[in-house]
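J.: First the structure, which I've put down as structure tokens, then a few questions once you've had a look.
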Amino acid sequence: MTFLEPWQLRAEFARRLSELYGNEVPAYNTLVDVSADVNRDFLQKHGADAERLGSISRVTAERHGAIRLGSPREMRQVTRIFAAFGMYPVGFYDLRDASSSAVPVVSTAFRPLDSEELARNPFRVFTSMLAAQDPRFFTDELQRRLAEFLDARELFRQQLLELADSATAQAGLPTAEAELLLDLATQAFSLSTEPVDYEWYQTLEAVSAVAADIGGVTSTHINHLTPRVLDIDDLYQRMQALGIEMISEIQGPPAWEGPDVLLRQTSFRALAETRSFRHPDGIVREGHLRVRFGEVEARGLALTPAGRDLYDRLVAEVDELLAAAPGAATRVEVAREVWRRGLPATELELALQGLAFFTFQLDGAALLAHPLTSTVTMGELIESGIAVPLPIVYEDFLPRSAAGIFQSNLTDQGTKDEAQTGTDFDIERMSEIVGTTVLDPNTLYERQQQASIDRLAAELHVVIHADTVTR
Ligand code: OOG
Ligand code: NI
């Protein structure tokens, strides 16, 4: 291979980060091994059906990473680096109000956009930026000190940024340069051995452990790297059987008989890692930090805006029921009941009600049995079996789960002054920050679904009219 295309660079980047993180956090390797076992057993049990939401080769290599940066300048730089790997910002997540602990960050996720690119390697990185000017978390004085500290540090070397730009411009790089890009990019996310300023770290930690993890050190690092499994309940049980303490429950939708939607995630608690600290007396001593953990995820169907509204209503109903009868049942038990009442039990029903995104495959035998008129609706094509819906997998994140993941690893609530008004952030503001349009995930899923409907219409020589499915 003399030239590496973006997807090849991306796959190799993910592989190297995985190797790096496995050396830094050995428990991650256990998680990856158990995930591989779970996936192999699931495939054996379910055959081809197991691959409905992604080929086994994709799922086996699939990871998401999480990183945390300090400023718009750093966000713009990382955007340039990820572009070299064919990863672009998708979605906006505001985690500042999503949990009761102080999590002063706003986030986006960098990922491939096209289904072909995702199929080749779906590596994505959940990227958070410290909301360093939010007065609910940081006093004026602290804001000033933070800005000074963040302005002075350099997370990404000039050479790395220039190589990344060159890879973006050429849609890839010749081997020798690719090698250098990959080295520098991987290195930029390794845990630094440089002593941490003890007093400064403590000052930030009093506000939020997340703020200290981001703004208390002069470099960045991977917070976690997450493999994907086809059966997260099985994974959870196997990890516990190995004596690894998991967080108390699986985040996101409950386990139930119907289709898996969106994203389910769980993690083991952050492990104590040795770090060196420079104390006010000038002496460097060893200490421990618990910030990095292991997470695992299972992905389900992407929901349409209507489906997502329904999902959000169901989640709110679960909250209400739990609040009305605290301790009577676990969140997961309550959610399962609410799901059974509220969510269609089959993929076909989700498709007919326009609640999830699909691509469509033509069934020739069904077509022979049902002669078509020149105009039809998607609903008619699905009901007659002519259009077979194939689920589109959810490629993004959930703010509440993300906040739950952050929170489950905080031992201290931190502080938040609710009397202050928070700084405004939204997807447009995030676009300005990263220097390129942050895409709305729904636009991407809709585009993929519509392209499939257009192909079907062309194959069938019919006009497909809008109905629930297509709206
Ligand atoms: C990111 C937490 C969010 C997910 O999978 O939802 C996340 C972080 O802890 O930095 O990774
Ligand atoms: Ni994560």
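J.: Please report how far the C-alpha centroid of the stretch 43-106 lies from that of the stretch 115-186, rounded to the nearest whole angstrom.
T.: Here the two parts' Cα centres lie 14 Å apart.
J.: What length, rounded to one decimal in nm, is gained on full extension from HIS461 through to HIS46, with 0.36 nm per residue of separation minus their alpha-carbon distance?
T.: Values: separation 415, 0.36 × 415 = 149.40 nm, distance 3.60 nm.
Full extension from HIS461 to HIS46 adds 145.8 nm.
J.: Right, here's the next one. Working out 0.36 nm times the residue gap between GLU19 and ARG285, then minus their Cα-Cα distance, what length gain in nm do you get to one decimal? Kindly include the intermediate steps, with their values, before the conclusion.
T.: Values: separation 266, 0.36 × 266 = 95.76 nm, distance 2.83 nm.
Answer, rounded to one decimal: 92.9 nm.
J.: Compute the label zone of GLU418 within the stretch 193-215: residues whose backbone N is under 20 Å from the point 7 Å along Cα-to-Cβ.
T.: Answer for the stretch 193-215: 207-209.
J.: Then there's this: Once both labels are modelled 7 Å past Cα along the beta-carbon direction, what's the THR30-ARG157 spacing in nm?
T.: Placing both labels 7 Å along Cα→Cβ, they lie 3.5 nm apart.
J.: Sticking with this structure for a sec: What are the ³J(HN,Hα) couplings of the stretch 161-168, residue after residue, when phi is run through the Karplus curve with 6.51, -1.76, 1.60 and θ = phi - 60°? Round to Hz, x for glycine and proline.
T.: Per residue, the Karplus-derived 3J(HN,Hα) values read 5, 5, 4, 4, 4, 5, 5, 5 Hz.
J.: Quick one: order LEU242, LEU184 by neighbouring beta-carbon count within 10 Å, fewest to most. Could the numbers behind the result be given before it?
T.: Values: LEU242 12, LEU184 17.
In increasing order of surrounding Cβ atoms, one gets LEU242, LEU184.
J.: Sticking with this one: Can you tell me the orientation of helix 198-207 relative to the chain, as the angle in degrees between its alpha-carbon axis and the longest Cα principal axis, to the nearest 10?
T.: 40
J.: Same structure, new question: I want the antiparallel fraction of DSSP beta bridges within the chain, as a percent rounded to 5.
T.: Details: 39 of 53 bridges.
That works out to approximately 75 percent antiparallel.
J.: Using only Cα atoms, find the angle between the long axis of helix 305-324 and the longest principal axis of the chain, and express it within 0 to 90 degrees, rounded to the nearest 10.
T.: Around 60 degrees separate the two axes.
J.: What FRET efficiency, computed as 1/(1 + (r/R0)^6) with R0 = 51 Å and r the Cβ-Cβ distance, is obtained for ILE56 and GLN202, rounded to the nearest 0.05? Provide the component values of the computation, followed by the final result.
T.: Working: r = 47 Å, r/R0 = 0.92.
In this case the efficiency is close to 0.65.
J.: Tell me, what HN-Hα J-couplings in whole Hz come from the Karplus equation 6.51 cos²θ - 1.76 cosθ + 1.60 at θ = phi - 60° for each residue of the stretch 374-384, using x for Gly and Pro?
T.: For the stretch 374-384, the Karplus-derived couplings read 6, 10, 9, 10, 4, x, 4, 5, 6, 4, 7 Hz, x marking Gly and Pro.
J.: Another question, if that's okay. Can you pull the percent of Cα pairs in the stretch 1-102 with separation above 17 Å? Don't skip to the answer; put the middle values down first.
T.: Working: 3498 of 5151 pairs.
Tail of P(r) above 17 Å: 68 percent of Cα pairs.
J.: Which far-off residues, 5 or more places away or on another chain, put their amide H under 5 Å from the one on LEU263, with H placed in the peptide plane?
T.: Answer set, sorted by chain and number: GLY300.
J.: Set the Förster radius R0 to 45 Å, insert the Cβ-Cβ distance between GLN353 and SER192 as r into 1/(1 + (r/R0)^6), and round the FRET efficiency to 0.05. Before the final figure, lay out each step's value.
T.: Numbers: r = 51 Å, r/R0 = 1.13.
Approximately 0.35, to the nearest 0.05.
J.: Okay, next question. Return, for the Cα atoms of the stretch 303-345, the radius of gyration and Dmax in Å, separated by a comma.
T.: Considering the stretch 303-345 through its Cα atoms, Rg and Dmax are 10.8, 33 Å.
J.: Pull up all non-local amide H partners of LEU4: gap of 5 or more, or a different chain, and H-to-H distance under 5 Å with H placed in the peptide plane.
T.: Amide H neighbours of LEU4: LEU173, THR175.
J.: With r defined as the distance between the Cβ atoms of ALA325 and GLU249 and R0 fixed at 25 Å, what FRET efficiency is calculated, to the nearest 0.05? Mind showing how you got there, number by number?
T.: Working: r = 17 Å, r/R0 = 0.70.
Computed FRET efficiency for ALA325 and GLU249 comes out at 0.90.
J.: By how many degrees, 0 to 90 and rounded to 10, does the Cα axis of helix 441-460 deviate from the longest principal axis of the chain?
T.: 20
J.: Under a Cβ-only charge scheme (Lys and Arg +1, Asp and Glu -1), can you give me the dipole magnitude of the chain about the Cα centre, in debye to the nearest 20? Before the final figure, lay out the partial values.
T.: Values: 43 positive and 70 negative charges, 85 e Å.
It works out to roughly 400 debye.
J.: Could you state the orientation-averaged shadow area of the convex hull built on the Cα atoms of the chain, in nm² to one decimal? Walk me through the intermediate numbers first.
T.: Working: hull surface 99.4 nm².
Value for the chain: 24.8 nm².
J.: Also, quick follow-up: Using amide H atoms built 1.01 Å from N in the peptide plane, name the residues 5+ places from THR226, or on other chains, whose amide H lies under 5 Å from its own.
T.: So THR226 has HN proximity to HIS64, GLY65.
J.: Please compute, over every Cα-Cα pair in the stretch 266-415, the percentage with a separation greater than 21 angstrom.
T.: Values: 7290 of 11175 pairs.
Of all Cα-Cα pairs in the stretch 266-415, 65 percent lie more than 21 Å apart.
J.: I want the local charge near ALA185. Using Cβ-Cβ distances under 14 Å, sum +1 for each Lys or Arg and -1 for each Asp or Glu among the other residues. Before the final figure, lay out each step's value.
T.: Numbers: positive: ARG10, ARG15, ARG16, ARG80, ARG157; negative: GLU12, GLU19, GLU162, ASP165, GLU177, GLU179, ASP183.
It works out to a net charge of -2.
J.: Rank the residues HIS224, HIS465 as a footprinting-exposure proxy: fewest other Cβ atoms within 10 Å of their Cβ go first. Let's see the in-between values first.
T.: Values: HIS224 25, HIS465 12.
Ordered from fewest to most neighbouring Cβ atoms within 10 Å, HIS224, HIS465 come out as HIS465, HIS224.
J.: When the chain is fully extended, how far beyond the present Cα-Cα distance does ALA176 get from ALA316, taking 0.36 nm per residue of separation?
T.: Working: separation 140, 0.36 × 140 = 50.40 nm, distance 5.30 nm.
Going from the current span to full extension adds 45.1 nm.
J.: 7 Å from Cα along Cα→Cβ at both SER276 and ALA369: what's the point-to-point distance in nm?
T.: A separation of 7.3 nm, rounded to one decimal place.
J.: Please give, to one decimal in nm, the separation of the simple spin-label points placed at PHE3 and SER219, each 7 Å out from Cα toward the Cβ.
T.: The two pseudo-label positions are separated by 3.4 nm.
J.: Grab the other residues whose beta carbon is less than 13 angstrom from that of GLN170, score K and R as +1, D and E as -1, and report the net. Write out the running numbers ahead of the final one.
T.: On the way: positive: none; negative: GLU5, GLU162, ASP165, GLU177.
Within the 13 Å Cβ shell, the charges total -4.
J.: Ordered by residue, what ³J(HN,Hα) values in Hz, to whole numbers, does the stretch 333-350 give under the Karplus form 6.51 cos²θ - 1.76 cosθ + 1.60, where θ = phi - 60° and Gly and Pro are x?
T.: 5, 4, 4, 4, 5, 5, 4, 4, 6, x, 10, x, 8, 9, 4, 4, 5, 4
The numbers here are math on the coordinates, done by the rules we state, and not lab data. None of these values were measured; they are calculated from a predicted model. Neighbour counts run over all protein chains shown; Cβ positions are idealised from the backbone, glycine included.
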